[in-house]
């Protein structure tokens with residue numbers, strides 16, 4: 001609780017927020033730096049229910065293919081967590097630690113972090 005409301009100095013500022021509307025399209029719109037295949041699951045998306053399901057991302061280190069999958073998921077992730085992961089803003093390790101994702105085998109974290117890694121993090125200067 002705030003004891004003295006006059007000490008609160010709120011500020012408004014602009015920022016960027018990424019909302020995943022089409023999981024396969026967004027997931028396939030970027031490259032993945034290492035070769036491999038990862039399956040993830042979105043369990044809930046009340047605004048875009050077509051995003052719910054399991055998806056497999058396969059990459060040769062340059063091109064990728066994204067398909068719906070019936071395989072066991074390597075990790076489950078919230079729809080907002082997926083946007084953070086795909087943009088490069090957050091790693092799966094960070095998202096698991098903040099309860100926005102759950103991984104089946106923690107030994108896979110280094111590989112999956114590398115698979116979804118980006119060379120540069122997204123940047124917004126907040127001066128629109």
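Things worth noting here:
- Of all residues in segment 95-110, those satisfying the criterion of being at pLDDT 95 or above and closer than 24 Å to residue 48 by Cβ are 95, 96, 101, 102, 103.
- Every residue from segment 9-18 that is loosely packed, with under 11 Cβ neighbours inside 10 Å and either modelled with pLDDT of 80 or more or within 24 Å of the chain's Cα centre (by Cα) (or both): 13, 14, 15, 17
- Selection within segment 75-112 - touching a helix residue (DSSP H, G or I) at 6+ places or on another chain (Cβ under 6 Å) and more than 16 Å from residue 25 (Cα to Cα): 81, 90, 91, 92, 93, 95, 100, 101, 103, 109, 112
The values are calculated or read from the model by the stated rules, or taken from the named source; none is laboratory data. None of the values given here were measured: they were computed from a predicted structure. Note: ideal-geometry Cβ built from the backbone for every residue, glycine included; neighbour counts use all protein chains shown.
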